[in-house]
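Data first, discussion second: the structure below is written as structure tokens.
The values are calculated or read from the model by the stated rules, or taken from the named source; none is laboratory data. Just so it is clear, the model here is predicted, and its values are computed rather than measured. Using ideal geometry, Cβ is built from the backbone for each residue, glycine included, and neighbour counts are taken over all protein chains shown. Surface areas here come from the heavy atoms of the whole protein model, side chains and all, with no ligands, DNA or RNA. Shrake-Rupley method; radii C 1.70, N 1.55, O 1.52, S 1.80 Å.
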Amino acid sequence: MSIRNLDSLFDPASVVVVGASDRPGSLGALVWRNLRAAGYAGQLYAVNRRAQRLHGSRGAPGVVCHASVAALPAVPELAVLCTPPATLPGLIAELAAKGTRAAVVLTAGLDATQRQAMLDAARPTLLRILGPNGLGLQVPRLGLDASFAHTCALPGELAFVSQSGALVTAVLDWARGRGIGFSQVVSLGEHADVDFGDMLDWLASDAHTRAILLYIESVSAARKFMSAARAAARNKPVIVVKAGRSAPGQRAAASHSGALAGADEVVDAAIRRAGMLRVDTLDELFLAAETLARWRGNTADELLVLSNGGGAGVIAADAAAREGIPLAALAPATLARLDAVLPANWSHGNPVDIIGDAPVQRYLDTLDALATDPAAAALLFVHAPTAIVPSAEIAAALAPRLASAPGQPPRVLASWLGGPAVAEAQQRFSAAGIACYATPEEAVRAFAMGVAYRRNQAQLIETPPAALPAAAPGAPGAAADLAADVAAARAIVHQALAAGRTLLSEPEAKALLAAYRIPVVATRSTAATPQAAVAAVADGAPGALSYPVALKIISPQISHKSDVGGVVLDLADAEALRAAAQAMLQRVAVQRPDARITGLSVQQMQRWPQARELIVGASIDPVFGPVIVFGQGGTAVELLADRAIGLPPLNVPLARALVARTRVARLLGAWRDTPAIDEAALHATLLAVSQMLTELPELAELDINPLLADARGVVALDARVRLDAAGPAGAANFAILPYPQHWVELVQWQGRALTLRPIRPEDEAQHLAFLAALEPDDVRLRVFYSRRSIEHSELARLTQVDYAREIAFVATERDAAGQEQTLGAVRAVIDPDNRDAEFGIIVRSQLKGSGLGRLLMHKLMQALRERGTQRLVASVLRENQRMLALASGLGFVRAPAEAGADTVDIRLALG
């Protein structure tokens, strides 16, 4: 990922249009006209080998047209290319040689050879290319319109990035009619160079952008995209319209963008995990941007509806039901207070209908009563105009009461139904900072977006390890029992691949699950004869089966055994088993004469009358890599289509969120005489599958179906595993970089046992205690903390690290009570080019000068060298002589500084 030279793309001091023309209707003419008409204040140049001068318009003077890039009198910072495909590689080479740092390539129709030649010409000087085959870009605040759009965007604080140029023009027209402005509008086209990852990195730190809006058809470089998206979503709302929810839409998106669109459910999972919000329409795109600007701090999941008419309240309640938003139940004490101030015929519940003849005082009394309710719900105020009390008077009385206090999260949405009669009321509410919507349905949809966004943000902060920690040598039996037998699992995989098989037999698949401590039903494999099947039950060996049993066919050509009559259940005795085996072998031979029958599987029947049938699986998405599937299982799994997808690695919070996104999740709790399932056992199974994907790169597909779950735990009745020697799984192919467990190190230091490890989200309380113990002067001198107290949001940012672009190590030890405490911390934030890493370090005040800082710095430098970072840099207060001495001892050099400067810049080459 790189934002190098993107400043030349979005804030250029000069622009050249290559292929500029005054021929009506030509691409060069449209671009030249737009650049001049938008009011760009920088220097403009034109290149056209056939023209000597471009005529001005509306009396404007003409412009000299240069015959070539080499003939330009100065170096243009940005070039806009409107020339035929065959000319582009040469032009990019000329521009790069002249010193141009960015180009917008509007030309369409490049073949693969021309495209690669263009990129090769740009690479030596890192000239950045937007396009080809795009609409261009606009930066309204600069008057920069390097596009052939029909209109220029209004200035504003929303950035819009789209793969579709046609959609850009539609959005520009739509937004201009509604007075919506943009900080930047970007058409990526085929994104040969600048892509969504680069744009997210650029816009995340752009001070002129409040929210980022994306229209995505396809994603390439999934890890780059996810890392950039997660970084941007920590700073500001990122809202996505992703085309291709339907199968035809996915095909159209793939053919349009020339790239894999990815399964829509996987894209959904990626958007959630990155802390972004997905919407379905352009209307919702702007609705979400406005809502999140006002509602980002809201924490309510439930709604309380207050209306002056039953119909409006019912509409709001129906909308909430459709969106899955619960209405808060009013406490008995609240109901009693409302009874005391409302007419006898009020609704006596939520929605609270205070009747259409309500005077202002009734509204105020109702709000007073609701304010004491213990439910932490948001309030949706819905009002229809009446002739009794003007809406403006009601708004004037309520706005001061409903407006959020400074620093407090918002808690009220409003829908003033009507037009001119409620216009002033709506203006009063808006002026008070209360979000207003045209209809109750729109208000509820906006609230639902806020809830979804907050849940996605919760997933953003999770940083699970790639695998569960192995049991330590000599660990108690329970801990040892939970540790996976990775060697046994790999032996199963390698044995099958060595035999030329990619599909494991059912017994092998179950052995693989058992190696990862996933409970499986007792199973015996036999030869493909009735006599062998009966002997498997009667042999009296340890762990022998007993009746009743189930019988299944084993064939490498048959993965769905039920489809060919290859499964028979509830066989009560030897005679029934013998007859079933004989009939099964005959039946399968007729239905699948091509299949090679290698044996029979005899399994203990499971009596779990209150069990839920679930499915847990894994597969490989062509874009985002390994994914995990959970849902309702059984033979009708495809028809039910009740499943959710998550990206590994998982931890318990992420596993819980994955389960919650399915309909079957509602059946997992207790109901009537059915107890709740053992959720911990289900979550452990999901985490085990996540670990399998990490440690078994050859795992291409896994289906555990059904997985029975009840109050006693879980058990896998059937499993299907497909392998791929190319190794499509493994942590190296995850879209999200896991917690770097391999950097955890136990060291002996001055007679003390320390752990040097990357920081984790669950370190928040421990890190706060560490900061609180620092002396004030150490806090002042350090790099990353500027005060003694620290806000929760800032503390979360320090402990919730995306290790794709940041590294933070802590040195910890156990105190006398066995509690872990932090002794020191070092952190480096790496630029998107992986060129520079800016670091900061701090140790406990009583440990200054002890050598702990040097120990942490060596750990950091080793990790940065491992990832190929080129240089370690920092700005240090000149009076911080301890830090400067440490840096000097480590080989840092000081950069030249101005006389009297308070800080010293230091740097260390890591090569």
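General remarks:
- Ordering of 177-188, 280-291 by packing is 177-188, 280-291, highest average first (other Cβ atoms within 10 Å, averaged per residue).
- Leading residue at positive end of dipole, region 496-579 (Cβ point charges), from Gln557, Leu513, Val567: Leu513
- Residue-wise HN-Hα couplings along region 871-885, as the Karplus relation 6.51 cos²θ - 1.76 cosθ + 1.60 with θ = phi - 60° gives them from phi, are 8, 10, 9, 6, 10, 10, 4, 4, 7, 7, 5, 4, 5, 5, 5 Hz; Gly and Pro carry x.
- Note: relative contact order over the chain, using C-alpha pairs below 8 Å and six or more positions apart, is 7 percent.
- With R₀ fixed at 30 Å, the C-beta to C-beta distance from Ala74 to Arg894 puts the FRET efficiency at about 0.25.
- Length released on extending from Ala636 to Ile355, taking residue separation times 0.36 nm less the Cα-Cα span: 96.2 nm
- From phi via Karplus (6.51, -1.76, 1.60), per-residue ³J(HN,Hα) for region 709-715 in Hz, x at Gly/Pro: 9, 8, 5, 7, x, 10, 8
- Gained length - Ala901 relative to His348, 0.36 nm times residue gap less alpha-carbon distance: 192.2 nm
- Take each peptide in 804-814, 129-139, 156-166, 598-608, count the other Cβ atoms within 10 Å of every residue, and average; sorted highest first, the result is 129-139, 156-166, 804-814, 598-608.
- Mean-position separation - Cα centroids, region 65-91 and region 377-430, in angstrom: 57 Å
- Structure-based [θ]222 nm, the chain - -39500 (n - 2.57) summed over DSSP H runs of at least 4, per residue, nearest 500: -11000 deg cm²/dmol
- Region 834-911: GluC sites (Glu not before Pro) in DSSP loop, at most 15 other beta carbons within 10 Å: Glu879, Glu898
- Label-to-label distance, nm, for residues given as Ser205 and Thr386 (7 Å Cα→Cβ offset): 5.7 nm
- Given charges at beta-carbon only (K, R positive; D, E negative), |dipole| of region 614-732 in Debye: 380 debye
- Between 0 and 90°, nearest 10: helix 332-341 axis offset from the chain longest Cα axis: 40 degrees
- Beta bridge orientation in the chain: antiparallel %, DSSP, nearest 5: 60 percent
- Two-site FRET efficiency, Ala13 against Arg141, from Cβ-Cβ distance with R₀ of 22 Å, rounded to 0.05: 0.90
- Solvent accessible area, Å² - His494, 1.4 Å probe, full protein context: 90 Å²
- The charge dipole of the chain, taken about the Cα centre with unit charges on the Cβ atoms of Lys, Arg (+1) and Asp, Glu (-1), comes to about 1800 debye, rounded to the nearest 20.
- Helix 282-295 and the longest principal axis of the Cα set of the chain meet at an angle near 90°.
- Listed peptides 434-443, 699-708 by packing density, highest first (mean Cβ within 10 Å): 699-708, 434-443
- Estimated at 0.36 nm per residue, the fully extended path between His742 and Thr439 surpasses their Cα-Cα distance by 103.7 nm.
- Under 15 Å, Cβ to Cβ, from Glu898 - net charge with Lys/Arg +1 and Asp/Glu -1: 0
- Rounded accessible area of Arg663 (nearest 10 Å², 1.4 Å probe): 120 Å²
- Option label - Rg and Dmax of the Cα atoms in Å computed here, alternatives [x] 28.6, 112; [y] 28.4, 89; [z] 32.4, 103: [z]
- For region 277-354 and region 851-911, distance of Cα centres in Å: 55 Å
- Positive minus negative residues near Asp206 (Lys, Arg vs Asp, Glu; Cβ under 14 Å): -2
- With a cut-off of 14 Å between beta carbons, the residues surrounding Gln603 carry a summed charge of +2, where Lys and Arg count +1 and Asp and Glu -1.
- Modelled spin-label separation between Arg322 and Trp608, with each label point placed 7 Å from Cα along the Cα-to-Cβ direction: 3.8 nm.
- For the pair region 709-768 and region 646-672, the centres of their Cα atoms are 20 angstrom apart.
- Reachable lysines from Lys510, criterion Cα separation under 25 angstrom, eight or more residues apart if same chain: Lys552, Lys561
- Between helix 679-695 and the chain: long-axis angle, C-alpha atoms, 0 to 90°, nearest 10: 70 degrees
- Three-way shape label, region 497-556, alpha-carbon gyration tensor, a/c 1.5: oblate
- Couplings 3J(HN,Hα) for region 517-522, derived from phi with the Karplus relation 6.51 cos²θ - 1.76 cosθ + 1.60 (θ = phi - 60°), are 6, 8, x, 10, 6, 4 Hz, where x marks Gly and Pro.
- Here Lys236 is the anchor, and the lysines within straight C-alpha reach of less than 24 Å, apart from those fewer than 8 places off in the same chain, are Lys224.
- Amide H within-cut-off set for Gly181, under 5 Å, with H built and near neighbours excluded: Glu157
- Other-chain or far-sequence residues with amide H under 5 Å of Val16's (modelled H): Tyr45, Leu78, Ala79, Val80
- Among Ala204, Leu72, Trp749 the positive-end extreme of the charge dipole of the chain (Cβ point charges): Leu72
- Cα-projected label distance for Ala670 with Ala522, points at 7 Å along beta-carbon direction, nm: 3.1 nm
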